[in-house]
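Have a look at the structure below, then the notes.
The values are calculated or read from the model by the stated rules, or taken from the named source; none is laboratory data. The structure presented is a predicted model; accordingly, all values stated were derived computationally and were not measured. Virtual Cβ from ideal backbone geometry, glycine too; neighbours counted across all protein chains shown. Remember, those area values only see protein heavy atoms, side chains included, never the ligands or the DNA or RNA. Shrake-Rupley method; radii C 1.70, N 1.55, O 1.52, S 1.80 Å.
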Amino acid sequence: YLDCKELEKFVYDLEKENPKGVIKSNAKGWQSRGLCTNDYTDEIYQNLIQNLDRVVNTCAESSKIPRLAIGNLWFNINRGYNFNRPHTHPKSVLSGAFYIKAEGNEGAIEFLREDNAVNFLPEIRESSFYLSASMKYSPKVNRLLVFGSWMPHWVEPNISKFDRISMSFNTHVI
């Protein structure tokens, strides 16, 4: 596990340096500029990169994907009613979201299917990744989700009074 309190401070400091941030898929929320793995030498940042690299390459190996490198990453702060529009991550193999600050009800990430499976599947009693038109995951501190960059997804509005802080990243084949 990473020290998310220290990461939280790191992200709020980034926001102070650039309060406007950038606008990509975020609706009203703050997003940092795209960062490279060597942009900061802070121990907490480098620890994050090392952990991401280890987990991403474990996922890649188990999926028979060649070795990957973190291409870019960015931090997100979603406050009241902020959300992220549906999007994918072009020019990437695997992408991910890591939750730094979350109580669990600040808006789930939802992955959407773009195939017609829902038209062929029988009525299901319990959602599963394979049998659903979509899957949702609630934010949870220290949770890392790694997914195929081609998977459409969005982040629901944060209707809580707490900030949701996350980090997202893209990868490429080495």
From the options 46, 31, residue that is under 24 Å from residue 10 (Cβ atoms), surrounded by 13 or more Cβ atoms within 10 Å (Cβ to Cβ) and more than 17 Å from the chain's Cα centre (by Cα): 46
Residues within the range 96-121 that are in a strand (DSSP E or B) and either touching a Leu at 6+ places or on another chain (Cβ under 9 Å) or of a type in the set (Phe, Trp, Tyr) (or both), tallied: 8
Members of the range 42-60 that are closer than 14 Å to residue 6 by Cα and either touching a Pro at 6+ places or on another chain (Cβ under 9 Å) or among the polar types (S, T, N, Q) (or both): 46, 47
Filtered residues of the range 76-101 (kept if open to solvent by 10 Å² or more (accessible area, probe 1.4 Å), in contact with a strand residue (DSSP E or B) (Cβ under 7 Å, 6 or more places away or on another chain) and over 23 Å from residue 150 (Cα atoms)): 82, 101
Of all residues making up the range 130-157, the number that are over 21 Å from residue 169 (Cβ atoms) and assigned to a loop (DSSP other than H, G, I, E, B): 5
